[in-house]
Structure formats: structure tokens, C-alpha cells
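A quick write-up on the structure given underneath.
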Amino acid sequence: MSESRPSFSWAALLAVGVAVFVAAWAVFRTDPWGEGRTVEPIPPIDEALIGYAEAERWPTGLQQPASLAVDPQGRVFVGGDNRVVVLGFDGKPAGAPIALDGEPHCLAWADQRHSEPDRLYVGLRDRVEVRSPEGKLLAAWSPPDAKAHFTSLAVGEEDVFAADSSNRVVWRFDPNGTVQGAVGRRDPERKILGFVITNLDYFDIAIGADGLLYVVNPRLLRVEAYTREGEFRSSWGSGSTDLAGFCGCCNPTDLAALPDGRFVTAEKGLTRVKLYSGQGRLETVVAGPQHLGETPADLAVLPDGRVLVLDAALRSVRVFVARNGRNTLN
């Protein structure tokens, strides 16, 4: 006579597994180190350490604003929802929206210093579009690798640089769209460690007042400077929970260069926007976690020194001014 066996239920096993996971997650959230400590909300930064204050908010009219660029002559371009909207330095509409065939992950404007001035460069996921000030499509550039994921653009006097997080390099295009090289490939002999990227959405670049290309190396938590030919020059920033450092993953998320050589950065995790000297010394905080609901989508700086923070949650450009009233950088 055969012995009967209890029936096996995959549904019951799955239910038990889910219950165990939920319980474990609840314990981890309240005591992640197993030492009786509780995860606290991100503390606000002492207002005495914050040198800027929010002055205005400019609605973008976009559901998902993602990118910013500034024309020093008086326009702010905001990308999102398969288009670019144009605002004046007063936040009011300053032109017709530019329709796109894809999401604008990044924007850059070429001014009179560039060999091809008065151009708007739009970084879609896998190509760079060149457009007239009115938005007419003039050209579309593609990198050598089809799996490109463009996250940031920067315009130098002779080049257009495009950060490609998928290939972990910065492509250098000439004014005709021909790739002249790739900045940042790992090369220990040239003291180039290579860009360490784990989140493809965070890989930012900017042209400094000294003409060098500044690139965020996200997982190394620092900013690196290169010549246009890709020679490493210096770096600043370090991993630290202190206010002057960067911590967590993929920080800083955004970088904007000021005409006097300084830089503005944004971070996720410990959500904050900060102002650094050209050598990477923290000068002040622009906005802390008490001011920012989530990580800024992008940063830009106006010629008079006002800092623009693109807030995707509020669908607005938030304008921060120095509390001492001295925003002019001349």
C-alpha cells in the first residue's frame, strides 16, 4: 500500500516568499545596520551655510522637462516632451517651441566664440541634431558606435563634445560633424583611469573658462579636466559625507561652468546644489534638501550669475540668486 504524500503548492510557497521579503525589507529600512539604528530623513543644511535664495520660478509648460541651455544674448532653452521651449531671461516665452523627433536628453548653445556660432545642439539618445536659432534642422550627427546614449553636450571654440554614457567616453566632433576622437578611454600610461558609470542617465560635461573640458567621473565622485585632444590635466572632488564632498552613487549628477572659472554642481541622494571654485574648493551652497524635492534635471547659469535649476517635479525653472545681491560676475 503506497503512502500518501501532502500536495505541493507553488502558490503557497510564493506567498511565504513574499511575506519573508516584505518582513526583511521592513527590518532593513528601520535598522539597515542591525544595530538598532533607524533611517532618518535627510537633514536640512544650516541656512547660514547657504549663500543663495530662490527668487523666481518659471513654468515650462512641459510635463517632463529634462534639459537646459542658455543663449547669452537672452534666451533659455528647455527640452522635454519631444520639443524645446524658448524662454527669455525674465521667464516669459521668447519664441515658438521647436518640435523634435525624440526626447532631448541634453542641449547646448554655440555663441560667437564657436567656429559655427548661433547654433542649438540637441542631444537625442543616439544622435546630435544641429539647429538654427529658429529651430530649423541643419544636420544630424551620429557617433561611431550605434549603442550611444548621449547625456550631455558642451561647445568649445572649435569642437562640440558629446558625453556618451553607454560607451563611457566623450566624443569630440568638428563643426562638420566628423568625430575627431574620444576623450576618457582608460589609459594608465596617460594617467587616465576611465569613466566609471553604473547609471546611464548620469554623465555630465562642461567647458570651463580656461577652455578645458570638465567631465564628471560619476562612480569616482570627482570632476576631471582634459584638453580637447583628450590629455588628462587634473581632477577635483572626493567621496565624502561632508558638505564639501560627494557621496553615494553617480555624483555629481550635473555640472555647469561659470564664466569666472567657478562651477555649480547638483547631487542626488543628498539632494543639493553647490558652488565650487575653479580648483574644486566649496564656496557655498545654492540649495539644500529642504529646498529641492528631488534631484535637479539640469543646471545652467545666466550671464549675470543667476543659477537656473530645472525642477522636473515642479515642471519649472527655479532661479536662485546670491543673497549678498552680487550676482554679476564681471
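The values are calculated or read from the model by the stated rules, or taken from the named source; none is laboratory data. These figures come from a predicted structure and were not determined experimentally. Here Cβ is always computed from backbone atoms with ideal geometry, including for glycine, and neighbour counts include all displayed protein chains. What goes into the accessible areas is simple: the full protein's heavy atoms, side chains included, and nothing from ligands, DNA or RNA. Shrake-Rupley method; radii C 1.70, N 1.55, O 1.52, S 1.80 Å.
Please go through the stretch 127-184 and pick out each residue that is in contact (Cβ under 8 Å) with a residue 40 or more places away in the chain, under 20 Å from residue 234 (Cβ atoms) and within 17 Å of the chain's Cα centre (by Cα).
Hits for the stretch 127-184 are 152, 154, 161, 163, 170.
Listed here are the residues, each with its yes/no results for (1) open to solvent by less than 10 Å² (accessible area, probe 1.4 Å); (2) within 25 Å of residue 192 (Cα to Cα).
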site	(1), (2)
215	yes, yes
231	no, yes
266	yes, yes
302	yes, no
306	no, no
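On the basis of being over 15 Å from residue 300 (Cα atoms) and either open to solvent by 70 Å² or more (accessible area, probe 1.4 Å) or modelled with pLDDT under 95 (or both), does residue 62 make the cut? Before you say what the answer is, go through the steps one by one.
Numbers: over 15 Å from residue 300 (Cα atoms): yes; either open to solvent by 70 Å² or more (accessible area, probe 1.4 Å) or modelled with pLDDT under 95 (or both): no.
For residue 62, the condition - over 15 Å from residue 300 (Cα atoms) and either open to solvent by 70 Å² or more (accessible area, probe 1.4 Å) or modelled with pLDDT under 95 (or both) - is not met.
Let me spell it out: the conditions are (1) in contact with a Lys or Arg (Cβ under 9 Å, 6 or more places away or on another chain); (2) at pLDDT 70 or above, and residue 31 meets all of them except one. Which number is the exception?
(2)
Right, residue 184: of a type outside the set (Phe, Trp, Tyr), surrounded by fewer than 15 Cβ atoms within 10 Å (Cβ to Cβ) and under 21 Å from residue 254 (Cα atoms) or not?
no
Just for the stretch 135-161: of the residues that are in contact with a Gly (Cβ under 8 Å, 6 or more places away or on another chain) and not small (Gly, Ala, Ser), which one is most open to solvent (accessible area, probe 1.4 Å)?
Here the residue is 157.
Give me a count of the residues in the stretch 185-226 that are in contact with a Lys or Arg (Cβ under 7 Å, 6 or more places away or on another chain), under 20 Å from residue 150 (Cα atoms) and either polar (S, T, N, Q) or touching a residue at least 24 places away in the same chain (Cβ under 8 Å) (or both).
Adding up the residues that qualify gives 7.
Can you find, within the stretch 283-300, the residue that is modelled with the highest pLDDT among those that are open to solvent by 40 Å² or more (accessible area, probe 1.4 Å) and either small (Gly, Ala, Ser) or in a strand (DSSP E or B) (or both)?
Of everything passing the filter in the stretch 283-300, 283 is modelled with the highest pLDDT.
Going through the stretch 133-155 one residue at a time, which ones are assigned to a loop (DSSP other than H, G, I, E, B), among the small types (Gly, Ala, Ser) and touching a strand residue (DSSP E or B) at 6+ places or on another chain (Cβ under 6 Å)? Spell out how you get there, then give the answer.
As a first pass, look at the stretch 133-155 and keep what is assigned to a loop (DSSP other than H, G, I, E, B): 133-136, 142-149.
Now drop any that are not among the small types (Gly, Ala, Ser), which leaves 135, 142, 146, 148.
Correct list: 135, 148.
Condition check: under 21 Å from residue 47 (Cβ atoms), in contact (Cβ under 8 Å) with a residue 24 or more places away in the chain and assigned to a loop (DSSP other than H, G, I, E, B). Does residue 303 satisfy that? Can you show your working first?
Numbers: under 21 Å from residue 47 (Cβ atoms): no; in contact (Cβ under 8 Å) with a residue 24 or more places away in the chain: yes; assigned to a loop (DSSP other than H, G, I, E, B): yes.
Judged against the criteria, residue 303 is not a match.
When only residues in the stretch 109-134 that are open to solvent by 10 Å² or more (accessible area, probe 1.4 Å) and in contact with a Ser or Thr (Cβ under 8 Å, 6 or more places away or on another chain) count, which is farthest from residue 297 (Cα to Cα)?
Ranking the candidates gives 118 first.
So which of 270, 200 ends up being closer than 18 Å to residue 298 by Cα, within 13 Å of the chain's Cα centre (by Cα) and surrounded by fewer than 20 Cβ atoms within 10 Å (Cβ to Cβ)?
Numbers: 270 fails: within 13 Å of the chain's Cα centre (by Cα).
On inspection, the qualifying residue turns out to be 200.
Go over the candidates 124, 87, 68 one by one and state the one that is modelled with pLDDT of 95 or more and farther than 25 Å from residue 203 by Cα. Step through it out loud before you land on a result.
Numbers: 124 fails: farther than 25 Å from residue 203 by Cα; 68 fails: farther than 25 Å from residue 203 by Cα.
It is 87.
What strands (runs of 3 or more DSSP E) completely inside the stretch 163-270 contain at least 2 residues that are small (Gly, Ala, Ser)?
Values: elements: 169-173, 179-183, 205-207, 213-217, 222-226, 232-236, 254-257, 263-267.
Once the strands (runs of 3 or more DSSP E) in the stretch 163-270 are filtered for at least 2 residues that are small (Gly, Ala, Ser), what remains is 179-183, 232-236, 254-257.
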